[in-house]
Amino acid sequence: MAVSSRTARRTVRRTTTRPVWVALAAVTALVALGPPVPTLLLYLPFALSLLVLGLPHGAVDHLTLLRARGATAEGGLWHLLHGETRDALAAVGVLYFVLGGVYLVGWLLAPAASFCLFVALTWFHWGQGDLYVLVSLVEETHLRTRAQRALALSVRGGLPMVVPLVAAPEQYRRVAASAVATVDPGAAAALDPLFTPTTRLVAGTGLLALSVVALAVGSRRAPRTRPAWRLDALETGLLWAYFLLVPPILAVGLYFCLWHSLRHVVRLELLDARARDALAASRSLPAFGRFSRDAVPLTAVALCLFVALAAFRPTGSASTLLGVYLVFLSLLTLPHVVVVTLLDRTQGVWRPGSA
Ligand SMILES: CC1=C(/C=C/C(C)=C/C=C/C(C)=C/C=C/C=C(C)/C=C/C=C(C)/C=C/C2=C(C)CCCC2(C)C)C(C)(C)CCC1
Ligand SMILES: [Fe+2]
């Protein structure tokens, strides 16, 4: 289901995807050529993600499916307590508290396995986010079969999870250890096999092979789909370079806000009739304003929940706080993935005929 209005797609490319390519390419060049990045700067994107793009991108999950099914559900505080928005919030709230609660118990019982599950979930979820862009935000997609789409999902989700492991295993290990240490500092040793040269070599060459095969298969399609293939190749190459060169905490934090979350925000704007009209009129700011209004209340609730979780592990260090934040994000991610997977189904992302 390519998004209906050409102008809306063009607005999205002009105001979102292209500026983000330029930003990530500039960061890559600066890091490659400049002095080492100061430690605190590494953590800045994750800190900002509490308020901007990162946390908010999931905070309208209660409106997402309603709007995808054609309802003109309004966001904002008043609507949260009335009508169909209230009913949808109740259903999505139960989903969040049940799945988030189960995952929290999982962390308490098996922290190392829970960390690995989080990486796997993120792989899937960040891949599905990019798959939507590759099938719905282009004029005509080069991903004509479900197998191609599964391959694209594996490559796109694998880039932020695997390339940093290949390029900077020590920083990766520290982040993994600080997440696991939120529950049990001794449990991080169970992750050692992830960081052996053999595991990294297999993971890196495997992902490289998948990337090449995915692009090679896509390039054999009709000339009409050439622009979509070129976009895929350009983004895949850019992300390889970016995750190879930029330190993982900075790279993943920026990617989380500027790539994954921003793309999801645009997807949500296109579901909201008034925001979509604004995009179709080449006006991205009013569309972003409507998203922000919808996202404020539950971002605030989520922030309070994070503060409550962090209070159990008082800390002054940025790396310990990042560990707690990742555990918190994993609890939100599980129900968020369910919502986005249902959205994919509603929008026909896996039905090549319709998307
Ligand atoms: C609706 C609702 C709500 C809200 C919600 C929200 C707000 C959501 C969100 C969501 C989200 C917000 C999600 C997110 C996601 C994220 C992610 C998924 C991330 C990941 C990451 C990672 C995994 C990383 C890692 C690392 C690093 C950092 C470095 C290097 C190494 C590594 C790679 C390991 C509430 C609960 C209030 C209520 C109910 C309803
Ligand atoms: Fe997401």
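The values are calculated or read from the model by the stated rules, or taken from the named source; none is laboratory data. Everything quoted here is computed from the prediction, not taken from an experiment. Cβ placement follows ideal geometry from the backbone for every residue including glycine, while neighbour counts extend to all protein chains displayed. We work out accessible area using only protein heavy atoms, side chains counted, and drop any ligands, DNA or RNA first. Shrake-Rupley method; radii C 1.70, N 1.55, O 1.52, S 1.80 Å.
Would you mind getting me the FRET efficiency between Arg18 and Val338? Use the beta-carbon distance for r and R0 = 25 Å, nearest 0.05.
The formula returns an efficiency of 0.20 here.
What nm distance separates the two modelled labels at Leu309 and Val94, each placed 7 Å from Cα along Cα→Cβ?
In this crude label model, Leu309 to Val94 measures out at 2.3 nm.
What percent of all Cα-Cα pairs in the stretch 271-355 falls in each 10 Å bin, counting up from 0?
14, 27, 33, 20, 7, 0
Separation between the Arg10 and Ala281 pseudo-spin-labels, each 7 Å from Cα along Cα→Cβ, expressed in nm?
The two pseudo-label positions are separated by 1.7 nm.
If you wrap the stretch 308-347's Cα atoms in a convex hull and average its projection over all directions, what's the area in nm²?
Details: hull surface 13.2 nm².
One quarter of the hull surface, i.e. the mean projection, equals 3.3 nm².
Per 10 Å bin from zero, what fraction in whole % of the C-alpha pairs of the stretch 202-305 is there, up to the bin with the longest pair?
Result, from short to long distances: 12, 27, 31, 24, 6, 0 percent.
Which whole-Hz ³J(HN,Hα) couplings does the stretch 326-338 yield from phi under the Karplus relation 6.51 cos²θ - 1.76 cosθ + 1.60, θ = phi - 60°, glycine and proline marked x?
Values, residue by residue: 5, 4, 4, 4, 5, 5, 6, 5, 4, x, 4, 5, 4 Hz.
Nearest 500 deg cm²/dmol is fine: what mean residue ellipticity at 222 nm does the chain get from its DSSP H runs of n ≥ 4 alone, each adding -39,500 (n - 2.57), divided by its residue count?
Result for the chain: -24500 deg cm²/dmol, rounded to the nearest 500.
Roughly how many percent of the accessible protein surface of the chain is carbon and sulfur, given a 1.4 Å probe and a whole-percent answer?
Roughly 72 percent of what the probe reaches on the chain is carbon or sulfur.
Looking at the P(r) of the chain, how many percent of alpha-carbon pairs lie beyond 32 Å?
30 percent
Between the alpha-carbon centers of the stretch 1-55 and the stretch 146-218, tell me the distance in whole angstrom.
When both Cα centres are located, 21 Å separates them.
Could you report the chain's accessible area per residue, 1.4 Å probe, as an integer in Å²?
Counting only protein heavy atoms, the per-residue value for the chain is 43 Å².
Using θ = phi - 60° and the Karplus relation 6.51 cos²θ - 1.76 cosθ + 1.60, list the HN-Hα couplings for the stretch 298-305 in order, rounded to whole Hz, with x at every Gly or Pro.
Values, residue by residue: 7, 5, 5, 4, 4, 4, 4, 5 Hz.
Taking the chain as a Gaussian network, where each spring joins two C-alpha atoms under 10 Å apart, which residue of Phe291, Phe195, Phe328 fluctuates the most?
In the Gaussian network model the winner is Phe195.
Using the reciprocal of the averaged 1/r over all distinct C-alpha pairs, how large is the Kirkwood radius of the stretch 1-59 in Å?
For the stretch 1-59, inverting the mean 1/r across all distinct Cα pairs yields 14.1 Å.
Extension gain Arg220-Val37, at 0.36 nm per residue separation less the Cα-Cα distance, in nm?
This chain segment gains 61.8 nm when fully extended.
Provide Rg over Rh for the stretch 224-274; use the alpha carbon set for both Rg and the Kirkwood Rh (inverse mean inverse pair distance).
Details: Rg = 14.0 Å, Rh = 12.7 Å.
Taking Rg over the Kirkwood Rh, I get 1.10.
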